[in-house]
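Chemist: Have a look at this one.
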Amino acid sequence: MKKQNLQYLYIVLICMGLYGSSCGILGNSVGVFYTPVAEDLGVFRGSFAMHMTMQSLAGAGMSLIIPGLMKRFPLKSILWFGVLATTGSTLLMGFANKLWQFNVLGILRGISLSTFSVFTVTYILNNWFVKNHGIITSCVMTISGLAGAVLSPLFSVCIESFGWRISYGIMAVINLLFGLPALFLPIRLYPEEMGFSPYGGINDETEKTEKTQSSEVKYLGFTFISVFIISMTCNIIVSMTQHFPGYAQSLGYSATVGAFMVTAVMTGNISSKLIIGIISDKFGSIRSNSIMIALTIAAMVALLTGNSDLFMYGGAFLFGFIYSISAVGIALLIKDVFGKENYSKTYPICAFAMSIGGAVSTSLIGYSYDFFHTYTYAIVLMIVFQVINIFLLVLLRKKNETKDIKAHIV
């Protein structure tokens, strides 16, 4: 029993390291490089941000085939490739001089980080944990916010002290450190492969529920389309975080204020991921997602109307709640609506939607500033997206309350 409990701890540590790397370092912390690199190379911020668009597009494509790769290759081999390739591509960015070089490295990094990003982490957690699944998933996902909160200011200081090239090398080393638990601690995709059972076991009610669910998912049904739209638009909004340093400067604030806005976002990121897990376990994923979306709307209104540091930091903190949706809420929503047995079929497609949303918005937000000299239009559009998402969740809740679970596998 002690060995099995230790293995559960290993799984949590490994998943925290992987998610901290893929989303905390290579996602939440890259925004501090946008302005200094773009200015040094003499290019638009949107043009430099294109490498993150390429990264997201590559990750989107890979997300569709990751489930197949997991069936063909050992999980350990996939994780070794992912960690080493992301570290290498990040290191090489410090030697890049042309935009096409950043774009190529962005593609390589997108391919490699998708092997151990949200789908892989949540799929592992789904298999290993039954009891308190929501709160455990939330705890694991908080690492990306913690990493972003600590590392964004650190990378900003490194850029000011050593330059952006050396700072990419520092980012690469830290990324490798986060991946070490996955490389050297024991892990398999399913606990049964190691002679263990899932934490909390599988009770009779769970088995009965999963057996009654259809293995067929109708991708043109209202439920799937709604979840698809929510997934894509929420990740579009997430991309705004990377532009907060530039947003702060566009309003006359210093780069330090922008960096600490990212820290405030990551603090909200951490807090909201813990909150959404608790709410989901008690009231369900639809209500918890609705609450988080409402708070992000309030955050964006504060950012638009705020004229002080307090408003900027407060709005940024609430804005961080969007991460609870893209990282935890969508995964729990898919598991609740489509069932665990359909998770590997539906989540990769929604992950594709999230990647496409992030890919498109990362550059478009940058270009919106380049051409309109303001981020206002982008933020207003994001508010519209969130209002639509609340409306879709209300409809999903009504459907969930009036029909049997079988009706949700549509």
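The values are calculated or read from the model by the stated rules, or taken from the named source; none is laboratory data. Since the structure is predicted, the reported quantities are computational estimates derived from the model, not experimental observations. Positions of Cβ are generated from backbone atoms using ideal geometry, with glycine treated the same way; all protein chains shown enter the neighbour counts. Note: areas computed on protein heavy atoms with side chains; ligands, DNA, RNA excluded. Shrake-Rupley method; radii C 1.70, N 1.55, O 1.52, S 1.80 Å.
Chemist: Filter the cross-link list LYS273/LYS345; LYS71/LYS273; LYS273/LYS399; LYS335/LYS399; LYS340/LYS398; LYS131/LYS273 down to pairs whose alpha-carbon distance in this structure exceeds 28 Å. Show your work: numbers first, answer last.
Modeler: Numbers: LYS273/LYS345 24 Å; LYS71/LYS273 30 Å; LYS273/LYS399 26 Å; LYS335/LYS399 16 Å; LYS340/LYS398 22 Å; LYS131/LYS273 18 Å.
Over 28 Å apart, Cα to Cα: LYS71/LYS273.
Chemist: On the full set of protein chains, 1.4 Å probe, figure out the accessible area of GLU193 and give it in Å² to the nearest 10.
Modeler: 110 Å²
Chemist: Quick check: Cα centre of region 148-206 to Cα centre of region 84-146, how many Å?
Modeler: One Cα centre to the other: 8 Å.
Chemist: Find the centroid of the Cα atoms in region 226-245 and in region 280-356, then give the distance between the two in whole Å.
Modeler: Cα centres, region 226-245 to region 280-356: 9 Å.
Chemist: Report the accessible area of HIS373, computed with a 1.4 Å probe over the heavy atoms of all protein chains in place, in Å² rounded to the nearest 10.
Modeler: Accessible area of HIS373: about 130 Å².
Chemist: Please report the carbon-and-sulfur percent of the accessible area for region 45-87; probe 1.4 Å, protein heavy atoms only, DNA, RNA and ligands left out. Display every interim value, and only then the final one.
Modeler: On the way: 1270 of 1760 Å².
It is 72 percent, rounded to a whole number.
Chemist: How big is the charge dipole of the chain about its Cα centre, in debye rounded to the nearest 20, if each Lys and Arg gets +1 on its Cβ and each Asp and Glu gets -1 on its Cβ? Intermediate results must be reported in sequence, preceding the final value.
Modeler: Values: 25 positive and 17 negative charges, 150 e Å.
Taking the Cα centre of the chain as origin, the dipole is about 720 debye.
Chemist: Taking the alpha carbon gyration tensor of region 79-158, what are the square roots of 5 times its eigenvalues, largest first, to the nearest whole Å? Write out the running numbers ahead of the final one.
Modeler: Details: eigenvalues 174, 61, 14 Å².
For region 79-158, the semi-axes come out at 30, 17, 8 Å.
Chemist: Okay, next question. Once amide H atoms are placed 1.01 Å from N in the peptide plane, what residues at a sequence separation of 5 or more from PHE129, or on another chain, have their amide H within under 5 Å of its amide H?
Modeler: TYR199
Chemist: Per residue, what accessible area does region 1-45 have, given a 1.4 Å probe and all protein chains present, in Å²? Show your work: numbers first, answer last.
Modeler: Working: 1730 Å² over 45 residues.
On a per-residue basis, region 1-45 sits at 38 Å².
Chemist: By its C-alpha gyration tensor, with a ≥ b ≥ c as the square roots of the eigenvalues, how is region 1-72 shaped: rounded for a/c under 1.5, else prolate for a/b larger than b/c, else oblate? Mind showing how you got there, number by number?
Modeler: Details: a/c = 6.42, a/b = 1.95, b/c = 3.30.
Since a/c reaches 1.5 but b/c is at least a/b, the shape of region 1-72 is classed as oblate.
Chemist: Using the heavy atoms of the protein chains alone and a 1.4 angstrom probe, what is the accessible area of region 238-283 per residue in square angstrom?
Modeler: Details: 1520 Å² over 46 residues.
Roughly 33 Å² per residue, with all protein chains present.
Chemist: Over all directions, the average projected area of the alpha-carbon convex hull for region 123-165 comes to how many nm²? Intermediate values should be presented prior to the final figure.
Modeler: Details: hull surface 16.0 nm².
Reported value for the Cα convex hull: 4.0 nm².
Chemist: Name the shape class, rounded, prolate or oblate, that the alpha-carbon gyration tensor gives for region 292-377, where a ≥ b ≥ c are the square roots of its eigenvalues, rounded holds for a/c under 1.5, and otherwise prolate holds if a/b is larger than b/c and oblate otherwise. Provide the component values of the computation, followed by the final result.
Modeler: Values: a/c = 4.19, a/b = 1.68, b/c = 2.49.
Oblate is the answer for region 292-377, as a/c is 1.5 or above yet b/c matches or exceeds a/b.
Chemist: If a/c stays under 1.5 just call it rounded; otherwise compare a/b with b/c (prolate if a/b is bigger, oblate if not). Do that for region 131-196, with a ≥ b ≥ c from the square roots of the Cα gyration tensor eigenvalues. Provide the component values of the computation, followed by the final result.
Modeler: Values: a/c = 6.06, a/b = 1.99, b/c = 3.05.
Oblate shape, in that a/c is at least 1.5 and b/c is the bigger or equal ratio.
Chemist: I would also like to ask the following. Leaving ligands, DNA and RNA out of it, work out the accessible area of TYR377 with a 1.4 Å probe and give it in Å² to the nearest 10.
Modeler: Roll a 1.4 Å probe over it and TYR377 shows about 140 Å².
Chemist: So for ILE229, ILE297, ILE66, what's the accessible-area order with a 1.4 Å probe, most first?
Modeler: Numbers: ILE229 65, ILE297 30, ILE66 5 Å².
The most accessible residue leads, giving ILE229, ILE297, ILE66.
Chemist: What is the set of long-range amide H partners of GLY163 at a cut-off below 5 Å, with H atoms built 1.01 Å from backbone N?
Modeler: none
Chemist: Using the Cβ atoms and a cut-off under 13 Å, what net charge is assigned to the surroundings of ILE66, where Lys and Arg are +1 and Asp and Glu are -1?
Modeler: +3
Chemist: Of ARG72, ARG188, ARG165, ARG45, which has the most accessible area with a 1.4 Å probe, and how do the rest follow in descending order? Spell out each step's value before the answer.
Modeler: Details: ARG72 185, ARG188 105, ARG165 80, ARG45 45 Å².
From most exposed to least exposed: ARG72, ARG188, ARG165, ARG45.
Chemist: Turning to a different aspect of this structure: Sort LYS3, LYS340 by accessible area with a 1.4 Å probe, largest first.
Modeler: LYS3, LYS340
Chemist: Past the 23 angstrom mark, what percentage of all C-alpha to C-alpha distances in region 1-152 do you count?
Modeler: 41 percent
Chemist: If you plug each phi of region 113-123 into the Karplus form 6.51 cos²θ - 1.76 cosθ + 1.60 with θ = phi - 60°, what whole-Hz ³J(HN,Hα) values come out, in order, with x for Gly and Pro?
Modeler: Going residue by residue, I get 6, 5, 6, 9, 8, 4, 4, 4, 5, 5, 5 Hz, with x marking Gly and Pro.
Chemist: A further question follows. Can you tell me the alpha carbon radius of gyration of the chain divided by the globular rule-of-thumb value 2.2 N^0.38 Å? Walk me through the numbers on the way to the answer.
Modeler: Numbers: Rg = 20.3 Å, N = 410, 2.2 N^0.38 = 21.6 Å.
In units of the globular-protein estimate, the chain measures up at 0.94.
Chemist: Can I ask one more? What FRET efficiency, computed as 1/(1 + (r/R0)^6) with R0 = 25 Å and r the Cβ-Cβ distance, is obtained for LYS2 and PHE184, rounded to the nearest 0.05? Mind showing how you got there, number by number?
Modeler: Values: r = 20 Å, r/R0 = 0.82.
The computed FRET efficiency comes out at 0.75.
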